[in-house]
C-alpha cells in the first residue's frame, strides 16, 4: 500500500471510495437524508473543491485503487462550523474491506502531523452519532468536544478541537 498526496487527477477514485465507504450508512438515514448525502458524495464538485482547498492524503492498493483518504483544510478557510484560525479534517474514509484495522486512526494521525508541520495552532473536525468508531479514535487522540452543532442528515453532530500549538 502506498500513501501519497492526492490531486485533481484522483477525483474518480476519491468519489468511488466515498461511495463505497459511506453507502453502509444508507440504512441509518431516511430516504431523503440518504439522497442528500449521496448527491454530495457522488458530485465531482465535492472533491474538486476539497482537493483545491486542502492537503489530500490517499492510500492506494497494489492495483492503484484509492482505498483510504482524508483531507486537511488549512486555517483561513472558515465555514459556518469552523473558525478561520483553525485547520480542519474532512472526509476521513476507508474502504469497507479495510475497516477495523486502525486505518482511520492512522489517517487522522497523518492529518495531525501535517497540521503540526504546517505550524497550525488548532485542528478541528466534526462527526456524528453514526460514527461511533470514529468518535472513539478522535477522543483517544485528544480531541475534545467543543459543542454540539446543528443536526445534519437528521443526526446529531459535534464539533471537536485539538490544540496542537507548540508551547514555544
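The values are calculated or read from the model by the stated rules, or taken from the named source; none is laboratory data. In this text the structure is predicted, and so the values were computed from the model without any measurement. We place every Cβ from the backbone using ideal geometry, glycine too, and count neighbours over all the protein chains shown.
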| field | Of all residues making up the stretch 91-138, the number that are within 15 Å of residue 162 (Cβ to Cβ) and touching a strand residue (DSSP E or B) at 6+ places or on another chain (Cβ under 8 Å) | value | 20
| query | Is there a residue in the stretch 133-143 that is surrounded by fewer than 17 Cβ atoms within 10 Å (Cβ to Cβ), closer than 24 Å to residue 51 by Cβ and out of contact with any helix residue (DSSP H, G or I) (no Cβ under 9 Å at 6 or more places or on another chain)? | reply | no
| Where residue 13 falls short, out of the listed (1) within 21 Å of residue 149 (Cα to Cα); (2) surrounded by 13 or more Cβ atoms within 10 Å (Cβ to Cβ) | (1)
| field | Selected residue (only one of 29, 50 is on the phi < 0 side of the Ramachandran plot, under 15 Å from the mean Cα position of the chain (by Cα) and either surrounded by 13 or more Cβ atoms within 10 Å (Cβ to Cβ) or modelled with pLDDT under 95 (or both)) | value | 50
| note | The condition from (1) under 15 Å from the mean Cα position of the chain (by Cα); (2) surrounded by fewer than 17 Cβ atoms within 10 Å (Cβ to Cβ) that residue 64 misses is numbered (1)
| query | Restricting attention to the stretch 32-47, which residues are buried (at least 16 other Cβ atoms within 10 Å of the Cβ) and either closer than 19 Å to residue 131 by Cα or out of contact with any helix residue (DSSP H, G or I) (no Cβ under 9 Å at 6 or more places or on another chain) (or both)? | reply | 33, 34, 37, 38, 41
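Considering each of 148, 84 in turn, give the residue that is closer than 21 Å to residue 25 by Cβ and surrounded by fewer than 19 Cβ atoms within 10 Å (Cβ to Cβ). Steps first, answer last, please.
Numbers: 84 fails: closer than 21 Å to residue 25 by Cβ.
The match here is 148.
Regarding residue 72, is this residue at pLDDT 95 or above and either part of a loop (DSSP other than H, G, I, E, B) or surrounded by 16 or more Cβ atoms within 10 Å (Cβ to Cβ) (or both)? Quick ask: steps written out before the conclusion?
On the way: at pLDDT 95 or above: yes; either part of a loop (DSSP other than H, G, I, E, B) or surrounded by 16 or more Cβ atoms within 10 Å (Cβ to Cβ) (or both): yes.
The answer is yes for residue 72.
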